[in-house]
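First the structure, in the form of structure tokens, and then the observations on it.
The values are calculated or read from the model by the stated rules, or taken from the named source; none is laboratory data. All values reported here derive from a predicted model rather than from experimental measurement. Cβ coordinates were reconstructed from backbone atoms using ideal geometry, including for glycine residues, and neighbour counts include every protein chain displayed. Keep in mind that these areas ignore ligands, DNA and RNA; they rest on the heavy atoms of the full protein, side chains included. Shrake-Rupley method; radii C 1.70, N 1.55, O 1.52, S 1.80 Å.
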Amino acid sequence: MSRKTFIRFAMPSDSPSSLLCIGLMSGTSLDGVDGALLEIHPDPAQSMRQRAFASRDLPHDLREELLALNTPGDNELHRAALAANALMRVYADVVADLCLQARLTPADIAVVGAHGQTVRHRPQMFDGTGYTLQLVNGALLAELTGITVACDFRSRDVAAGGQGAPLVPAFHAALWGDADAGLAVLNIGGMANLSLLQPGQPFTGFDCGPGNVLLDHWCAQHTGQPFDTDGAWAAQGTVHAGLLQQMLADGYIRQAPPKSTGRDHFNAQWLQQQLADFSELSPVNVQATLAAFTAQAAAQHMQHYAPAVRQLLVCGGGVRNTHLMQQLAAALPDVAVASTSARGIDPQAVEAAAFAWLAAQTLRGRTVDWRSVTGAGAARVPGCLYPA
């Protein structure tokens, strides 16, 4: 679906002691920028609520440049700096949309949490620490919006020995960690990450494989469309059991958590290698198999690491892929699979909302404990601040 500008209107705040925080997310799928405005109570035990949501497409040239910067190329430093600046201008537009919709001024907003665009993710590699790189310019965004900006959320976790991803399980735990019977949350963006909230255990989570990134790539290559609307094309194909099992045997899928991944691993080259011995397959059958791979990888991880959990909430752009949701439900026959909208949060807004919440923790100087998720050595204040 087109992401254009999408808005939700909200009622005026009835809790002047709450923080109004904006989260901005542009994910691996590179389909646009999502922004969520949260009202967060100062007491962590109290509830938070979504006040507004906005989404804008990435300009075509910027999207192509961000995609190109995922791989080595000429004059990378210069191009990356300019791409970060251009991305901040889109971010600033989304902030303006949110303020307009909620009838607020920048002075009403405590902090903006800006994730930035991941172009490399190589934690614990090379020198033992590795790195994760999100293109973001917090100083420029603070100048453009007049609001304090929190950003660079992943680097501190990597410096503390962690994977730097996924970060959203802490937010899921803050929202739903009191579920008596346990709960799993699957975010299907470019990659798919799974949060596991099990009674009597620390919350955990990990990237469980690709989400939309391979599906979108294959669809664009063979249909000219940027994504497979509702999964209708994949639904016309037949899953190839041999190719599916080969994909599920990938080293990353079999790797034990903590773990995280991205386009560094699951990319066009990876898919080309997988298809080397299956050249006779029609494009539509490959698409069907990719959808099954995304669903089966998530389902197998959930069954292995949370076998007693019987509820799965799904968020991210993948929720709108009807065929993919059906594949998930079929792979998890004993689990109730539903969108996060069943819990009152727009599935497209969840990840942006997570970075609004993380920005609030950064602003307040509160640590977030990701040790059970990323493998970090200790809890840390997640981001860095650029004051208004």
Taking THR340 and the conditions (1) on the phi > 0 side of the Ramachandran plot; (2) surrounded by 21 or more Cβ atoms within 10 Å (Cβ to Cβ), which numbered condition does it fall short on, given that it satisfies the others? (1)
Quick one: how many residues across region 184-202 are under 20 Å from the mean Cα position of the chain (by Cα) and closer than 20 Å to ALA342 by Cβ? 12
Can you tell which of LEU244, LEU313 is buried (at least 16 other Cβ atoms within 10 Å of the Cβ), out of contact with any Asp or Glu (no Cβ under 6 Å at 6 or more places or on another chain) and either in contact (Cβ under 8 Å) with a residue 60 or more places away in the chain or not in a helix (DSSP H, G or I) (or both)? LEU313
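Residue by residue, here is whether (1) closer than 26 Å to THR322 by Cβ; (2) open to solvent by less than 30 Å² (accessible area, probe 1.4 Å); (3) modelled with pLDDT under 95; (4) of a type in the set (Val, Ile, Thr) holds:
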{"position": "ASP178", "(1), (2), (3), (4)": "no, no, yes, no"}
{"position": "LEU194", "(1), (2), (3), (4)": "yes, yes, no, no"}
{"position": "TRP218", "(1), (2), (3), (4)": "yes, yes, no, no"}
{"position": "GLN225", "(1), (2), (3), (4)": "yes, no, no, no"}
Just to be sure I understand the filter: pairs with C-beta atoms under 7 Å, separated by 6 or more residues or on different chains, first member in region 86-107 and among the β-branched types (Val, Ile, Thr), second member part of a helix (DSSP H, G or I) and crowded, with 20+ Cβ neighbours inside 10 Å. Which pairs pass? VAL95/THR145; THR105/CYS99
So is GLN201 surrounded by fewer than 24 Cβ atoms within 10 Å (Cβ to Cβ), polar (S, T, N, Q) and farther than 26 Å from PRO42 by Cβ or not? yes
Report, by residue number, each residue of region 22-74 that is crowded, with 20+ Cβ neighbours inside 10 Å, small (Gly, Ala, Ser) and outside any strand (DSSP E or B). SER26, GLY27, SER29, GLY32
Say whether the condition of being closer than 23 Å to GLN50 by Cβ, of a type in the set (S, T, N, Q) and crowded, with 19+ Cβ neighbours inside 10 Å is met by at least one residue in region 322-337. no
